[in-house]
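The structure under discussion appears below in the form of structure tokens.
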Amino acid sequence: MSQNLYDIPLKSIDGAPQSLGQFKGKVLLVVNVASKCGLTPQYEGLEKLYERKRAEGFEVLGFPANNFLGQEPGSESEIKAFCTLTYDVKFPLFSKISVVGADKHPLYHALTGAIPDAVGEGPMRSRLQGYGITANPVPEVQWNFEKFLVGRDGRVAARFAPDVAADDARLLSAIDAELAKQA
């Protein structure tokens, strides 16, 4: 990996400087999220997963992104209010970033560079085509709610397509395998 994920500068949804370094030694599920997407109800499953596994050293980290049909148009305060009031989200949210294109955030350069292909790839791409949307080519993030699993050692362990839900056996198995490892 060209850049250590823990060293990449980030901001919390409240604008405070942060990095993934504060989560060192934990298993992370990094998700680009959006409030006005057909997949937005995944917030509920992600929060349940977070609540169920966080005592084991697991974190869900949400990164709002407005890259796909303007489905995250709000300000950070609007996004935070939506997530809290609609889905009672308690997992950490970060400031809005770009996950594709010329202004892609360094975190997403590192994530997509580490694992170019997503598990579960297929149904989402054809669903997008059904709406007349051309999905981004590999290794780019395909849509909202794509998931990157980062192990306790800070390495990207797996990548999951946007329509792989939080209760998908493939995702749960990968999370459990990473939780079983020591940093």
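A few points about this structure:
- Region 1-62-region 108-183 distance, computed between alpha-carbon centres (Å): 13
- For the chain, relative contact order (Cα pairs under 8 Å, six or more residues apart, normalised by length) works out to 28 percent.
- Take the Cα radius of gyration of region 86-183 and divide it by 2.2 N^0.38 Å, N being the number of residues; the result is 1.13.
- Around the amide H of V119, modelled in the peptide plane, lie the amide H atoms of R159, F160, A161, all under 5 Å away and 5 or more residues distant in sequence or on another chain.
- For K36, a cut-off of 20 angstrom between C-alpha atoms picks up these aspartates and glutamates, skipping any fewer than 8 places away in its own chain: E44, E47, E72, E76, E78, D88, E146, D163.
- Prolate/oblate/rounded call for the chain, Cα gyration tensor, a/c under 1.5 rounded: rounded
- Added length on full extension, which subtracts the Cα-Cα distance from 0.36 nm per residue, K24 to L179: 54.5 nm
- Label zone at A16 (point 7 Å along Cα-to-Cβ), backbone N below 19 Å, region 35-64: 59-64
Throughout, read-outs are computed from the coordinates displayed, never taken from laboratory work. Remember, predicted model here, so these are calculated numbers, not experimental data. Every residue, glycine as well, gets a Cβ built from its backbone with ideal geometry; the counts of neighbours run over all protein chains shown.
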